[in-house]
1. Give me the residue from the range 407-426 that is over 35 Å from the mean Cα position of the chain (by Cα) and not charged (D, E, K, R) and, out of that set, most open to solvent (accessible area, probe 1.4 Å).
2. For the range 519-544, what are the residues that are basic (K, R) and more than 14 Å from I787 (Cβ to Cβ)?
3. Among (1) closer than 29 Å to Q776 by Cα; (2) more than 15 Å from the ligand (Cβ to nearest atom); (3) touching a helix residue (DSSP H, G or I) at 6+ places or on another chain (Cβ under 9 Å), which single condition is L674 missing?
4. Quick check on K334: is it basic (K, R) and open to solvent by 20 Å² or more (accessible area, probe 1.4 Å)?
5. Looking only at helices (runs of 4 or more DSSP H) that fall completely inside the range 406-515, which ones have 1 or more residues that are in contact with a strand residue (DSSP E or B) (Cβ under 8 Å, 6 or more places away or on another chain)?
6. Regarding the range 844-852, can at least one residue be identified that is assigned to a strand (DSSP E or B), of a type outside the set (S, T, Y) and within 20 Å of T801 (Cβ to Cβ)?
7. Within the range 3-14, identify whether any single residue is part of a loop (DSSP other than H, G, I, E, B), open to solvent by less than 10 Å² (accessible area, probe 1.4 Å) and modelled with pLDDT of 95 or more, and answer yes or no.
Amino acid sequence: MKSKASKFTKFARKVAAEGAVLLKNNSNFLPLAKDEKVAVFGRCQADYYRSGTGSGGAVNVEYKTDLINSLAARNFVTIDTHIKHLYDTWLAQNPFDDGGGGWACEPWCQIEMPLEASAVEAAANQNDKAIVVIGRTAGEDKDNMAAEGSYFLTAAEIEMLNVVKTNFAKVGVIVNVGNIIDMSWVDDKIDMVIYSWHGGMEGGNAIVDVLVGDLTPSGKLPDSIATTIDDYPSTKNHGSATQNFYEEDIYVGYRYLETFAADRVLYPFGFGLSYTQFTISNVTGTIHAGTAKITATVTNVGDAYAGREVVQVYLQAPQGQLGKPTRSLVGFAKTPLLAPHESTVVKISIPFYSMASYDDSGATGHKSAYVLEAGEYIFHVGNSVRETVIAVFDTSLVLDSTKIVAQLEEALAPTTSFNRIRPDASGNVAYEAAPTRTVDLAARMTAMAPQAIAITGDAGINLKNVITESDMEKFIAQLTADDLAAIVRGEGMSHPQVTPGTASAFGGVTTHLRDDLGIPLMCAADGPSGIRMESGRTATQLPIGTLIASTWDEALVEELYTMEGEELKNNYVDVLLGPGLNIHRSPLNGRNFEYFSEDPLLTGKMAAAVVRGVHQGGAEGTLKHFACNSQETHRHEVNAVVSERAVREIYLKGFEIAIKEGNAKSVMTAYNPLNGIWTASNYDLNTTILRGEWGFDGIVMTDWWAKMNDCIDGGEGTRQNVSSMVRAQNDLYMVVGNFGAGSNISQDNIPEDLASGKLSIAQLQRSAKNICKFAQATVAITRDELIFGKPQPLVAQDISTEGLEIVTTELSFTGKTHTFAFANEGSYQLDATFNCSMPGLSQTSCNVYINGNLVTTIQSGNTSGESVTRQLANLDLHPGAYTITCEGVNPTFVIDKFTFTKL
Ligand code: BGC
């Protein structure tokens, strides 16, 4: 395994190690001692997962690391070579099953090698310790399942654990997962359990750093681990096809478990062990100017190891009229590395706004306001939601009456009646009706309608010279209705004029917008954990979101993503499609690995750190998926039915924090409807709250090929209702397969709705302005010309053209490769006509080579068997022989023909 560590990969390794969460460490199983003898079991020791699957996992890497080879290379412990050899041999015959390599095909787990009891017994006689590795994946379009091989261990894994436990006196387990799994199998015979998560390309080295004690673990759980999957209140509604009722309301994760079912917790939220011990003492607080300030002294009271601790502050608010969880995380801080017996003082500021509850019913007398209800506010400070002490305040925070912290207006309330959980007087689960929408959306939109700018046509103003607001108005005035329609259509995937194999190009999508008006063509690429370039170009693959959140270290995450921003800039990618920050509402969500936590504050702080970092590095991050995309199953259709209080306090909170504290400039809406209106055409989401309340002034894009319905009347969702998207102020439709022509290739309803007056020029101008302002702040505005898309010179093959098919304009194509004679000389535009039948909105790609040179990557979603034509590249050709080869993974991706058009 080759390993070319750069400054960036070294730092990614550090972060991956900092995020490992040690759940059990009896008899100091870890760290391993020098020259200790260790046998390692479980195929994932070599097939060590780097990431979950789907768009967030598709980073091509120059090298990867795994556990067993990293451990062997470290030369610290003595590995049982016989057991290693058994695995090596068996893995050669039972290679990693990627399910055929297609979208969402990879299974959640791999078959396990059966263990012969005699071999394990022999190993037990020769080794001090056994380490078992359990691995899992899941991802986009593929939720976890409450089934063996996904959330639960398989029979073979249980068998493996049993035989190891029977023979070895000391057993530890490494859990190499993207998401928490059932942990009921941990018993007295297992001394050590560590969640190493998916650590990206350096994950193998990182976990070894922890095992051998180069780094003392300091990760803390970003999710509660309950006794059974049914202990999570969202489980029963997860996966429904049409409506997912968020009946647990604000009681997500530990908010539910600590309030109603404390005895159902195996490992509490915020928990994680170290090799050393800490005390948190002198916990005091003051209240000043609408902020609670907590001070605590943290001391490393151990003798042997330096380590870091996370101080967490949980609020216990009075139950009042609204009902409250018994604990809500309101602040945290991670200490620097503390040597044995070293102390530090941490200070945590908690503004009242982050302590307040949203009254969506008017129960407190203040409907649509964030309030602090009358009563006593108690701050519990510790190193998990369970291990806390009460902060001593100079004057305790007792309110005589309800205090309004922010008066807002009703937005996003559900239209369907349903019951939600709230505590009864004895603190047990009770239900109440969630308040439904009372606002007249049409009236709100009319009252807030933007003013049109009179169209002037070209006035010679270039975006680069636009400085003032009045310049911007004059600039936008130049855009015709056609220009405005073109600019809200993002193009992709794999646009030939931006970094090959990326998700979209947007902004200056026509020659006129780009060359005459100076709007740069910007490039967006997945994310979140490294750059996805389907061309095969490699990038640094980072630890997943859940691991990042487990570090509880904002500064570390910001530094990591500053390097990511630099890598984006170096690859001419202006926008990263990440961070993903949907709430871990259920452990069954397949994309939890991309997201951070069940807690909105931890989520928001991490997302803000990512966005700040990416910006410093020279690109912009995108907060996705806005909002309530809590399941992958039926993700394009399932309506999230959520109370306004839960939307605001739980599901939007992370976005709000990332915008206010991270200055995020780009947001991606989700696939699903939220309370009846698809998020991409949801006015309250994209305008009332996002821009009106939070002051967001960046761009909003849809998820890829998203649906929209009417932003007032709701109804059915379609991909053509782009007009409704613009009316809601979601600025960009992602994506249309129209490369530069500016035509309405996907037949959206912009022209029709403009003609009928349903969509106004002013609404289009508003989005155009958002896009142009965004462009001004990117590195792209400084580029004088396109980096990609120039005609590529190709030299004909040095072979005879005799007997070859002579091509002038069209080449019919079957199979994978063709050698033909090109008849003419000059610059040509190469187009491909292809079709692809895959489930839903699966994505696939295919690289096209001519004479061995990569000319382009064709990336596509499902075309439902219909043939589509895509512009690929511009080529300089000479008469002679050429071989065109197409390498893709999906067998249903069929190229019918290539067309050469003279430029
Ligand atoms: C995903 C997005 C991703 C986009 C582009 C969609 O399928 O949901 O998160 O950014 O594709 O790859």
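1. Our first condition is that a residue be over 35 Å from the mean Cα position of the chain (by Cα); within the range 407-426, this holds for 424-426.
Of the ones still in play, those that are also not charged (D, E, K, R) are 425-426.
Numbers: A425: 116, S426: 91 Å².
Only one residue tops the list, namely A425.
2. Filtering the range 519-544 down to residues basic (K, R) leaves 532, 537.
R532 - this is the single residue of the range 519-544 that is basic (K, R) and more than 14 Å from I787 (Cβ to Cβ).
3. Checking L674 against (1) closer than 29 Å to Q776 by Cα; (2) more than 15 Å from the ligand (Cβ to nearest atom); (3) touching a helix residue (DSSP H, G or I) at 6+ places or on another chain (Cβ under 9 Å), the one that fails is (1).
4. yes
5. Numbers: elements: 441-447, 469-477, 481-487.
Those helices (runs of 4 or more DSSP H) span 481-487.
6. Residues of the range 844-852 that are assigned to a strand (DSSP E or B), as a first pass: 844-850.
Those still in the list that are of a type outside the set (S, T, Y) too: 846-848, 850.
Now drop any that are not within 20 Å of T801 (Cβ to Cβ), which leaves 850.
Yes, because at least one residue in the range 844-852 is assigned to a strand (DSSP E or B), of a type outside the set (S, T, Y) and within 20 Å of T801 (Cβ to Cβ).
7. Here is the first cut: in the range 3-14, the ones part of a loop (DSSP other than H, G, I, E, B) are 3-6.
Of the ones still in play, those that are also open to solvent by less than 10 Å² (accessible area, probe 1.4 Å) are none.
There is no residue in the range 3-14 that is part of a loop (DSSP other than H, G, I, E, B), open to solvent by less than 10 Å² (accessible area, probe 1.4 Å) and modelled with pLDDT of 95 or more.
Quick grid of which residues meet (1) within 16 Å of the ligand (Cβ to nearest atom); (2) more than 23 Å from N721 (Cβ to Cβ):
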{"site": "E473", "(1), (2)": "no, yes"}
{"site": "D482", "(1), (2)": "no, no"}
{"site": "P500", "(1), (2)": "yes, yes"}
{"site": "G508", "(1), (2)": "no, yes"}
{"site": "C523", "(1), (2)": "yes, yes"}
{"site": "G530", "(1), (2)": "yes, yes"}
{"site": "G536", "(1), (2)": "no, yes"}
{"site": "A539", "(1), (2)": "yes, yes"}
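The values are calculated or read from the model by the stated rules, or taken from the named source; none is laboratory data. Quick caveat: nothing in here was measured; it's all calculated off a predicted structure. All Cβ positions, even for glycine, are placed from backbone atoms using ideal geometry, and neighbour counts span all protein chains on display. Just the protein is used for accessible areas: all its heavy atoms, side chains included, with ligands, DNA and RNA removed. Shrake-Rupley method; radii C 1.70, N 1.55, O 1.52, S 1.80 Å.
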